[in-house]
Amino acid sequence: MKKFITCILCCLMIFSIAACSSSNSGSEDKKKIVVGVTPFPHKEIMEVAKGILEKQGYELAIVEFNDYVQPNVALEDGSLDANFFQHIPYLEDTNKEKGFHLTWTVKVHIEPLGLYSSKIDSIDKLSDGAEIAIPNDATNEARALRLLEKFGLIKVKEGDLVTVKDITENSKNLKFQEIEAAQLPRVLVDVDAAVINTNFASEANLNPSKDALIIEDKDSPYANVLAVKEENKDKQYIKALSDALNSSEVKKYIEDNLTDKGIVTAF
């Protein structure tokens, strides 16, 4: 019920902002930009960009979401001008699955995926038949399985969107629970370990650089990007927003404030 109410409030906020800015919605360089974000670290990074854009005469309205579905729905239907929460494989999978017409402009940062546990302090201590929770969306599930494969826990078939059905070797007989990414920190006490996205791990007071048993490195291909509708990609206000997110100010903010939380710049 709480999640439902949150979604309703987000929708009302979007419609309110969209109505206020409808007078310039058709402009090539409108001065009010509505951007959807998920919480940490996207909102914090976007706040830095907001300050940069204000100096250029733009007003940035930031709408916060708590799931990975609605930001793309709102972007596709025009309620948002852009969103900032996802990596490229997730965006491409959404376009394919839902027939959306979304693309991206700039890479901003990487949130390494990590394996966490409240019961063990090393993957060597994973017992036979241990339960592992992983994200249930297609791209992050595949990403989680590749992380476990990289550290020798399983072997998986070749391919992009692999699932638990594609595991070819599982010497420890690991059991997998596929769970919504945002819920993974909450089930950590109920499983032996969970593969959690850095943003959700940090919200749960888990420090990726200290608490993760294993973690993706800086060469991860899953950089978080600014997503926009294809038809708006080359418009001036999108270029201004893209430049702000790839500015020296944003880079410094990430390095000074987010590096110790596992966030790495991607530009």
Identify the residue in the stretch 77-116 that is of a type in the set (S, T, N, Q) and more than 11 Å from the chain's Cα centre (by Cα) and, among all such residues, is surrounded by the most Cβ atoms within 10 Å (Cβ to Cβ). THR94
Looking only at strands (runs of 3 or more DSSP E) that fall completely inside the stretch 117-189, which ones have 2 or more residues that are within 21 Å of the chain's Cα centre (by Cα)? 131-135, 175-179
Of all residues being assigned to a helix (DSSP H, G or I) and basic (Lys, Arg) in the stretch 34-64, which is nearest to the chain's Cα centre (by Cα)? Just the residue, please. LYS43
Yes or no: the stretch 65-76 includes at least one residue that is in a helix (DSSP H, G or I), of a type in the set (S, T, N, Q), crowded, with 23+ Cβ neighbours inside 10 Å and in contact (Cβ under 8 Å) with a residue 12 or more places away in the chain. yes
Near pairs, Cβ below 8 angstrom, 6+ apart or cross-chain, from the stretch 196-224 (touching a residue at least 24 places away in the same chain (Cβ under 8 Å) and assigned to a loop (DSSP other than H, G, I, E, B)) to any residue that is among the aromatic types (Phe, Trp, Tyr) and surrounded by 14 or more Cβ atoms within 10 Å (Cβ to Cβ): LEU206/TYR116; ALA212/TYR116; LEU213/TYR116; GLU216/TYR222
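The numbers here are math on the coordinates, done by the rules we state, and not lab data. This one's a predicted model, so the numbers in the text were calculated from it and none came from an experiment. Here the Cβ is made from the backbone with ideal geometry for all residues, glycine too, and neighbour counts use every protein chain on show.
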